[in-house]
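No value in this document is a laboratory result; all are computed from the given coordinates. Keep in mind the model is a prediction, meaning the values are calculated, not measured. Backbone-built Cβ (ideal geometry, glycine too); neighbour counts: all protein chains shown.
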């Protein structure tokens with residue numbers, strides 16, 4: 001990891017990355033509004049959970065550059081082995097482990113990667 | 001019954017609760033693919049552990065010992081010999097986890113095993129939804145039982 005990326009303990013430092021973090025956290029914050037909208041439309045918990053889980057994973061893909069290499073590739077590799085998906089656990093993976101649709105909805109609305117500055121609402 | 005690996009998605013198993021025999025397969029070629037999911041398994045250290053539902057009852061098989069996973073079962077979990085005990089910062093290479101399983105009329109069972117994600121702690125992992133107990137089967141079982149007694153586990157045709 002170069003200076004731009006910073007050390008694993010301190011995380012990325014560039015202005016672009018900091019702006020990216022803000023945008024990332026804002027998009028995750030928007031998932032709560034998506035949930036409210038879907039509830040107003042009468043969608044089921046399962047429909048909401050599946051939609052938010054997928055949108056949360058899409059956000060992770062969109063902002064993947066916030067995680068520097070080679071960290072990102074190593075995380076993708078271990079996710080593939082554990083979840084068969086580099087972006088992390090799917091709704092079905094959670095369901096196989098007894099998670100409720102409500103659990104999956106709450107999980108989707110949480111950020112991760114605290115030392116990367118990505119964990120603002122966990 | 002069909003069981004799946006907690007730590008390797010591509011691996012599934014056929015488990016016989018009467019004998020404790022577990023035969024594993026690649027998920028794509030498993031002969032029991034159409035059966036409902038009835039459990040999870042993983043070895044904790046050298047000890048094979050299967051957490052499953054049989055005849056409506058959640059059970060825990062630890063080595064050759066079979067215990068009802070009900071309110072009488074007590075699980076104590078701790079990190080040992082670890083320099084970092086914040087689970088957001090802990091990695092598998094640091095110390096171990098120790099799970100103590102206590103049930104009525106049974107001597108406590110203690111298993112020690114590697115715990116946590118390899119090399120990169122969760123604090124640096126932006127994966128959505130990732131939790132420490134995805135990387136620690138003993139802690140996963142403890143958390144499930146403490147949350148709701150595992151009432152929702154392996155009771156329907158959940159994907160597996």
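For B:3, B:91, B:155, the sequence from fewest to most other C-beta atoms within 10 Å is B:155, B:91, B:3.
The stretch B:33-67 and the stretch B:76-150 have Cα centres spaced 17 Å apart.
Given the options B:55, B:72, B:30, which has the most mean-square fluctuation in a GNM of chain B, springs set between C-alpha atoms less than 10 angstrom apart? Ranking B:55, B:72, B:30 by mean-square fluctuation puts B:55 first.
Among rounded, prolate and oblate, which fits the stretch B:2-148 when a ≥ b ≥ c are the square roots of the eigenvalues of its C-alpha gyration tensor, a/c under 1.5 means rounded, and a/b larger than b/c means prolate? Since a/c reaches 1.5 but b/c is at least a/b, the shape of the stretch B:2-148 is classed as oblate.
Each of B:64, A:85 was scored by other Cβ atoms within 10 Å of its Cβ. Arranged with the fewest first, they read B:64, A:85.
Need one word for the stretch A:50-89: rounded, prolate or oblate. Basis is the Cα gyration tensor (sqrt eigenvalues a ≥ b ≥ c); a/c below 1.5 gives rounded, then a/b vs b/c decides. Oblate shape, in that a/c is at least 1.5 and b/c is the bigger or equal ratio. Rounded, prolate or oblate, given the Cα gyration tensor of the stretch A:15-116, with a/c below 1.5 counting as rounded? In terms of gyration-tensor shape, oblate. Exposure proxy shown here: for B:77, B:135, the number of other Cβ atoms within 10 Å sets the order, fewest to most, as B:77, B:135.
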